[in-house]
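Heads up: the structure comes next, in structure tokens.
The values are calculated or read from the model by the stated rules, or taken from the named source; none is laboratory data. Fair warning: this is a prediction, and the values are worked out from it, not measured in the lab. Every residue, glycine as well, gets a Cβ built from its backbone with ideal geometry; the counts of neighbours run over all protein chains shown. Ligands, DNA and RNA are excluded from the accessible area calculation, which covers all protein heavy atoms including side chains. Shrake-Rupley method; radii C 1.70, N 1.55, O 1.52, S 1.80 Å.
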Amino acid sequence: MPLSNEASLVSDLPALGQDPGRTYRLGIMGGTFDPIHNGHLVAAEQACNDLDLDVVVFVPAGSPAFKQDRRVSSPEDRHAMTLLATADNPRFLVSRMEVDRPGVTYTVDTLELLRAYYPDNVELYFITGADAIIDIITWRDAARIAQLAHLVGATRPGYDLESARASIAASGIDFTVSYLEVPALAISSSDLRARVARGQSLRYLTSDAVLGYIEKRGLYEPPRLSYTAPDALGLIGGLGRDVR
Ligand code: NAP
């Protein structure tokens, strides 16, 4: 029997909350992941350990709200790379919930769906880049996000934590935010895309499986002009022939 829309969106989520005598902590790693890299993985691992999370579900954004004017790789490619990168960690899972949800991706919709799916003894921790969180007051239903989840902002080395804190405080919304300093976030998706475009290696910046996928699919390569040469010199039919 086909699953209803909402049931199919939660079909790849882990079972949590079975023991009413304890609290469970679910990490939700939100990002565009174009592509996913080792900085993301280290951030998720660090969040898992520091915040004592039971599991981290990576949720690649289907159609990122703030990237409507930019070219982003397809949700399927970003989902596939996220699966490949996380496959060997039993505490990391990947959900298609934002990939399969039609329309622009809003975090509040994801958190509402998770809140409705899990019992109250499952707490939600939404993890993403601190640079993204600093803008959270401009996100759809920011006040509702504050009620639904704890926020976890992963920072790059040298990040100005004080101005981030001040900007969240100035919002007047009662967000609970933890910050993680993640030195490996010196790596960025935009740098990886630029490296591919320049023909440079991505080895050791992301997993070998992701690297192979990017190559196989030709992601981030500069677009090639398609040009059919006129056979003005009569050479095209004679390729491989001695024309001296
Ligand atoms: P972004 O603006 O592309 O990212 C801002 C910074 O955060 C970048 O430096 C990025 O580095 C880093 N970052 C992004 N995701 C990260 C993660 N999971 N862990 C560590 N660093 C991360 O952000 P985005 O990818 O578009 O959005 C991030 C999340 O916020 C997504 O889940 C998105 O749906 C949500 N969001 C929601 C709304 C809304 O509901 N209106 C609006 C904006 C964003 P990399 O480029 O290296 O990842």
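Quick rundown of the values:
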{"quantity": "Within segment 15-34, considering residues that are assigned to a loop (DSSP other than H, G, I, E, B) and open to solvent by less than 20 Å² (accessible area, probe 1.4 Å), the one nearest to L148 (Cα to Cα)", "calculated": "G17"}
{"quantity": "Tally, over segment 140-153, of residues that are part of a loop (DSSP other than H, G, I, E, B) and open to solvent by 60 Å² or more (accessible area, probe 1.4 Å)", "calculated": "2"}
{"quantity": "Scan of segment 173-218 for residues that are among the polar types (S, T, N, Q) and surrounded by fewer than 18 Cβ atoms within 10 Å (Cβ to Cβ), ordered by number", "calculated": "T176, S178, S188, S190, Q200, S201"}
{"quantity": "Residue list for segment 171-224, restricted to those being within 15 Å of the ligand (Cβ to nearest atom), closer than 18 Å to R78 by Cα, touching a helix residue (DSSP H, G or I) at 6+ places or on another chain (Cβ under 8 Å) and not small (G, A, S)", "calculated": "I187, V196, L202, L205, T206, V210, I214, L219, Y220"}
{"quantity": "Count of residues meeting criterion [within 23 Å of the chain's Cα centre (by Cα), more than 14 Å from the ligand (Cβ to nearest atom) and among the acidic types (D, E)] in segment 148-163", "calculated": "0"}
{"quantity": "Condition met for E76 (at pLDDT 95 or above and under 13 Å from the mean Cα position of the chain (by Cα))", "calculated": "yes"}
{"quantity": "Complete set of residues in segment 76-118 that are part of a helix (DSSP H, G or I), closer than 21 Å to D208 by Cα and in contact with an Asp or Glu (Cβ under 8 Å, 6 or more places away or on another chain)", "calculated": "R78"}
{"quantity": "Criterion: aliphatic (A, V, I, L, M), loosely packed, with under 15 Cβ neighbours inside 10 Å and within 18 Å of the chain's Cα centre (by Cα) - qualifying residue of A166, A87, A116", "calculated": "A87"}
{"quantity": "Number of positions in segment 154-192 that are of a type in the set (D, E, K, R) and part of a helix (DSSP H, G or I)", "calculated": "3"}
{"quantity": "Residues satisfying the stated conditions in segment 35-53, i.e. open to solvent by 10 Å² or more (accessible area, probe 1.4 Å) and not hydrophobic (A, V, I, L, M, F, W, C)", "calculated": "N38, H40, E45, Q46, N49, D50, D52"}
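For every residue, the table says whether it meets (1) closer than 21 Å to T138 by Cα; (2) out of contact with any Cys (no Cβ under 9 Å at 6 or more places or on another chain); (3) within 15 Å of the ligand (Cβ to nearest atom).
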{"site": "Y24", "(1), (2), (3)": "no, yes, no"}
{"site": "H40", "(1), (2), (3)": "no, yes, yes"}
{"site": "V56", "(1), (2), (3)": "no, no, yes"}
{"site": "Q68", "(1), (2), (3)": "yes, yes, yes"}
{"site": "A80", "(1), (2), (3)": "no, yes, no"}
{"site": "A87", "(1), (2), (3)": "no, yes, no"}
{"site": "R101", "(1), (2), (3)": "no, yes, yes"}
{"site": "T105", "(1), (2), (3)": "yes, yes, yes"}
